[in-house]
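Here the structure comes first, spelled out in structure tokens, and everything after it is commentary.
The values are calculated or read from the model by the stated rules, or taken from the named source; none is laboratory data. Worth saying up front: this structure is predicted, and the values here are computed from it rather than measured. Methodologically, a virtual Cβ is constructed for each residue, glycine included, from the backbone with ideal geometry; neighbour enumeration extends over all protein chains shown.
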Amino acid sequence: MQFGLLSTHSRLHGSKSYRVPWLFDDEALEVCRRFTRLKLRLMPYLYRMAVKSHETGIPSMRAMVMEFDRDPAARYLDMQYMLGDSLLVAPVFREDNEVEYYLPEGR
């Protein structure tokens, strides 16, 4: 859900399954509400990044190496990404709710 709501296009389910929060429990609905509210608060930023993307051709949602091209470690980061030029997203994909992420120097 974090990945789906912290992307340029909100999406709650995958292509092979219908996994929407209201099919689960109240906790899933509350998590969905929180991330939806967060995305709504981010809309001015996301709009600015969409305009910038339109003007420059650089995607709003991009691999870390596109933003940190001088950092060799950024080439291998496949579980986190940049949403615009200021927001690092590292969704939780593990059942234990743990996430490891890398913070490049300089920001």
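Quick notes on this structure:
- Condition met for PRO44 (modelled with pLDDT of 90 or more and out of contact with any strand residue (DSSP E or B) (no Cβ under 6 Å at 6 or more places or on another chain)): yes
- The listed residue being touching a Pro at 6+ places or on another chain (Cβ under 9 Å) and polar (S, T, N, Q), out of THR8, THR56: THR8
- Candidates THR8, THR56: the one that is at pLDDT 95 or above, out of contact with any Cys (no Cβ under 8 Å at 6 or more places or on another chain) and within 29 Å of GLU105 (Cβ to Cβ) is THR56.
- Segment 49-65 - residue that is of a type outside the set (D, E, K, R) and under 15 Å from the mean Cα position of the chain (by Cα) and, of those, nearest to LEU103 (Cα to Cα): MET64
- Helices (runs of 4 or more DSSP H) within segment 1-102 that include 1 or more residues touching a Gly at 6+ places or on another chain (Cβ under 9 Å), of a type in the set (A, V, I, L, M, F, W, C) and surrounded by 15 or more Cβ atoms within 10 Å (Cβ to Cβ): 26-56
- Odd one out for MET64 among (1) touching a helix residue (DSSP H, G or I) at 6+ places or on another chain (Cβ under 7 Å); (2) free of Cβ contacts under 8 Å to residues at least 12 places away in the same chain: (2)
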